[in-house]
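One structure below.
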């Protein structure tokens with residue numbers, strides 16, 4: 001069994017608050033982050049409460065001046081499809097928007113809290129992902145979105161509240177499930193400024209993030225075994241890291257370190273810049289076509305996979321900004337929550353603006369207990385299953401369970417050792433009887449019954465023998481595992497991870513600065529070139545566009561040091577297109593040639609049959 | 001054993017041989033294309049009398065000579081690529097891929113927007129492009145690693 005001596009521990013009789021405090025994470029933000037974990041009660045007093053009805057109407061239910069946390073949880077019957085939501089920032093007029101944007105700029109300068117983007121995300125993707133990115137930006141015009149002025153006003157409003165009472169709050173929860181003690185730390189943010197502040201995917205009012213720690217009990221003490229951080233695109237086992245995994249989990253005096261994504265507030269185990277990939281929403285038929293093309297490209301043509309509809313977004317989790325928690329100047333203010341906490345359990349609505357975004361990226365999230373559609377969050381009701389830990393017993397229990405299991409199999413093997421000869425003997429006796437009945441037509445009925453019985457007993461015997469063999473192999477594996485657990489040899493801490501979030505390496509650009517500039521201007525240059533073609537050479541518009549596009553793609557590939565890869569792809573696509581042209585032009589000749597080849601092949605086969 | 005291994009490593013995929021044959025065919029096509037304008041314009045017969053430029057503009061004779069020269073350069077280029085290709089040099093793979101890519105752009109532009117394209121060249125370009133994309137060919141020219149990963 002693994003020793004617990006190297007782990008921080010706490011008495012299992014400690015209060016929930018003490019438990020939470022003992023292991024509360026140290027969260028490190030990126031320089032330039034504008035929003036930090038905040039107090040929901042204070043936030044609510046700055047909001048108004050609204051209802052969005054299925055017919056598209058919106059109704060103000062509680063004005064901001066009257067808003068309190070008690071008011072929030074008042075039950076309000078509504079028709080199916082109604083969405084209740086808070087509104088942190090009211091609709092701004094043009095002058096208010098301009099003022100908010102100007103003040104935001106002043107505030108950032110004053111706080112010296114400017115974000116340095118470094119190598120821009122657009123320079124990290126290729127030319128086609130940039131085209132997809134432009135389409136994504138255009139899609140925001142059609143989808144509901146939170147405006148940049150709203151983001152600026154939210155930043156100003158948050159800063160004002162923060163100045164009044166500087167406090168960094170987390171909402172802690174302690175649950176006991178299947179031998180595990182689960183500590184959940186919920187962080188509430190007034191705003192998610194990933195898109196407006198850090199070139200990310202989305203913006204929305206309010207944000208909830210969560211970190212979970214899993215502890216086991218041994219001799220009256222609780223020891224941490226796993227840490228799971230909620231993050232984009234990761235689920236189940238991939239979310240958690242073992243406490244002793246120093247490669248993946250940083251600790252400061254027994255407190256896990258979380259690196260929060262700038263604006264998105266997603267949690268990462270390692271500091272760095274993570275490439276989140278968003279796929280351009282496509283209609284069903286286009287998705288099907290895209291899949292078919294991918295299959296043809298990778299399987300038939302055996303080419304490396306590539307998806308031009310992939311848009312690279314960077315989540316900056318640099319950890320070079322404010323730190324809150326153990327060893328940092330800012331400390332946590334913990335608040336305990338559970339199902340009895342009214343604002344958590346009774347308010348099913350959204351914690352910020354419902355932006356009417358059909359893909360939900362710009363709509364505010366619901367609280368810690370609920371999803372946006374009001375259904376319960378799995379991370380709340382099933383914290384073990386959330387991190388794929390429901391199949392794993394706590395270490396002290398693992399040994400006991402393993403021993404019990406081995407003993408069960410052993411006793412079954414003993415049973416089988418007696419059972420199999422008995423069954424084999426029974427089968428032989430039946431076989432002898434059957435032999436005695438042969439050649440006696442009047443005993444046909446008994447013969448048939450006996451035959452049936454023999455078949456049944458034979459099947460049972462085969463099953464018992466198979467079970468014994470299988471149990472033998474199982475026992476061998478379990479015994480090895482038992483010895484491993486007893487000797488205290490730790491498993492590979494990454495064995496459970498299928499997909500690991502890894503910070504992206506700095507892209508090796510041939511001409512880094514030139515590439516960055518090119519990434520910023522290339523799409524516009526392409527549009528200008530097309531405009532020039534339309535104006536100066538309209539007769540050659542399609543031919544010109546094809547040539548310009550290829551030239552841009554090739555120029556991009558030279559910048560990115562991917563010339564060979566690009567030329568290979570472009571040429572292969574041109575070859576496919578040329579093949580189609582040739583097929584259209586010479587289909588008769590091709591068909592005749594194929595038929596002649598088929599005829600020769602068939603004739604050769606038949607003639608070979610004749611001669612042999 | 002070592003000799004056998006070396007032999008195995010040196011063994012050319014069939015696609016390489018196919019490409020080499022197509023390059024030879026293309027060479028003869030280019031030679032034919034370089035001779036054709038000379039014959040059509042009877043350049044060789046009037047080699048001493050006909051002028052190439054008149055008033056700073058190319059004469060039909062001059063155009064034929066220029067065309068012929070261009071095709072001759074292409075033919076010589078093909079021979080150089082063929083030599084590199086048979087020696088399985090990486091640069092020859094890259095050069096050939098870029099070349100057929102460019103040639104197909106010209107062919108497709110001709111087909112869709114201008115005159116009748118040269119279908120023989122188009123067919124040979126397609127064959128070369130597909131053959132160059134074969135994973136074993138890419139591996140032998142160091143474009144892909146042994147595990148099938150792209151190492152560019």
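Bear in mind these aren't lab numbers, they're just calculated from the coordinates by the rules spelled out. Since we're looking at a predicted model, the values are computed, not measured. Neighbour counts are summed over all protein chains in view; Cβ atoms, including those assigned to glycine, are modelled from backbone coordinates with ideal geometry.
Give me the number: length gained by fully extending residue A:504 to residue A:476, i.e. 0.36 nm times residue separation minus the C-alpha to C-alpha distance, one decimal in nm.
5.9 nm
Counting pairs of alpha carbon atoms under 8 Å apart in space and at least six apart in sequence, what relative contact order in percent does chain A give?
18 percent
Could you give the length gained on full extension between residue A:112 and residue A:160, defined as 0.36 nm per residue of separation minus the Cα-Cα distance, in nm? It would help to have the intermediate numbers written out before the result.
Values: separation 48, 0.36 × 48 = 17.28 nm, distance 1.66 nm.
Stretched fully, the residue A:112-residue A:160 segment lengthens by 15.6 nm.
Once the Cβ-Cβ distance between residue A:593 and residue B:69 is put in as r, and R0 is 35 Å, what FRET efficiency do you end up with, to the nearest 0.05?
The value I calculate is 0.45.
Provide the three semi-axes, in whole Å and in decreasing order, of the ellipsoid equivalent to segment A:396-487 as defined by the square roots of 5 times the Cα gyration tensor eigenvalues. Each step should come with its number before you reach the end.
Working: eigenvalues 376, 17, 15 Å².
Three semi-axes, in Å: 43, 9, 9.
Which distance in nm do the two modelled labels at residue A:79 and residue A:57 give, with both placed 7 Å along the Cα-to-Cβ direction?
0.8 nm
Dimensions of segment A:182-262 along principal axes (Cα, Å, largest first)?
50, 26, 24
For segment A:48-101, rounded, prolate or oblate, judged on the Cα gyration tensor with a ≥ b ≥ c (square roots of eigenvalues), a/c < 1.5 rounded, else prolate if a/b > b/c? Each step should come with its number before you reach the end.
Working: a/c = 3.61, a/b = 1.56, b/c = 2.31.
Taking the square roots of the gyration eigenvalues as a ≥ b ≥ c, segment A:48-101 is oblate.
Enter the per residue convex hull volume of segment B:13-140, computed from alpha-carbon coordinates, in Å³ rounded to the nearest integer.
117 Å³
Compute the Cα gyration tensor for segment A:228-267, then decide on rounded, prolate or oblate, letting a ≥ b ≥ c be the square roots of its eigenvalues: rounded whenever a/c is under 1.5, prolate when a/b is larger than b/c in the other cases, and oblate in all that remain.
Judged from the Cα gyration tensor, segment A:228-267 comes out oblate (a/c at least 1.5, b/c at or above a/b).
Which of B:96, B:66, B:58 ends up with the largest GNM mean-square fluctuation for chain B, with Cα atoms connected below 10 Å?
The residue with the greatest mean-square fluctuation here is B:58.
Please report how far the C-alpha centroid of segment A:229-298 lies from that of segment B:25-60, rounded to the nearest whole angstrom.
64 Å
In Å³ and rounded to a whole number, note down the convex hull volume per residue for the Cα atoms of segment A:15-392.
Here the figure is 169 Å³ per residue.
Could you work out the mean projected area of the convex hull around the alpha carbons of segment A:320-361, in square nanometres to one decimal? Don't jump to the answer; show the numbers that get you there.
Working: hull surface 22.9 nm².
For segment A:320-361, the mean projected area of the Cα convex hull comes to 5.7 nm².
Taking every alpha carbon pair in segment A:513-612, what does the distance histogram look like in 5 angstrom bins from 0, in percent?
Pair shares across the bins are 2, 10, 12, 12, 12, 11, 8, 6, 6, 5, 5, 4, 3, 2, 1.
Please give the contour-minus-distance gain from residue A:371 to residue A:429: 0.36 nm per residue of separation, less the Cα-Cα distance, rounded to one decimal in nm.
Using 0.36 nm per residue and subtracting the Cα-Cα distance, I get 14.3 nm.
So what's the projected area for segment A:317-430, the Cα convex hull averaged over all directions, in nm²?
Result: a mean projected hull area of 16.7 nm².
If you wrap a convex hull around the alpha carbons of segment A:5-88, what volume per residue comes out, as a whole number of Å³?
Spelled out: Cα convex hull of segment A:5-88, divided by residues, is 201 Å³.
Okay, helix-only estimate at 222 nm for chain B: each DSSP H run of n ≥ 4 adds -39500 (n - 2.57), divide by all residues, round to 500 deg cm²/dmol; what do you get? Write out the running numbers ahead of the final one.
Working: 6 runs with 108 residues, N = 152.
One gets -24000 deg cm²/dmol as the mean residue ellipticity at 222 nm.
Per residue of chain A, what 222 nm ellipticity follows from adding -39500 (n - 2.57) for every DSSP H run with n ≥ 4, rounded to the nearest 500?
Roughly -15000 deg cm²/dmol at 222 nm, from the helical runs in chain A.
I'd like the distance separating the alpha-carbon centroids of segment A:442-466 and segment A:375-430, in whole Å.
31 Å
May I ask you to sort A:356, A:606 by Cβ crowding, counting other Cβ atoms within 10 Å and putting the fewest first? Please report the intermediate quantities before stating the final value.
Working: A:356 14, A:606 10.
Ascending Cβ contact count within 10 Å gives the list A:606, A:356.
Packing-wise, with mean Cβ within 10 Å as the measure, how do A:369-375, A:253-259, A:296-302 rank, highest first?
Ranking the peptides A:369-375, A:253-259, A:296-302 by packing returns A:253-259, A:369-375, A:296-302.
Going by a ≥ b ≥ c, the root eigenvalues of the Cα gyration tensor, does segment B:37-81 fall in the rounded group (a/c under 1.5), the prolate group (a/b larger than b/c) or the oblate group?
It is prolate, given that a/c is not under 1.5 and a/b is the larger ratio.
Test of understanding: ordering A:518, A:194 by Cβ neighbours within 10 Å, fewest first, what list do you get?
Fewest-to-most ranking of A:518, A:194: A:518, A:194.
Please state, as a whole number in µm²/s, the translational diffusion coefficient that the Stokes-Einstein equation yields for the protein assembly as shown at 4 °C and 1.567 mPa s, with Rh defined as the Kirkwood radius across alpha carbon pairs.
Details: Rh = 33.2 Å.
Calculated translational D: 39 µm²/s.
If one computes the Cα centroid of segment A:33-47 and of segment A:510-570, what distance in Å separates the two points?
Here the two parts' Cα centres lie 46 Å apart.
Tell me, what is the FRET efficiency for residue A:451 and residue A:406 to the nearest 0.05, using R0 = 35 angstrom and their Cβ-Cβ distance as r?
0.30
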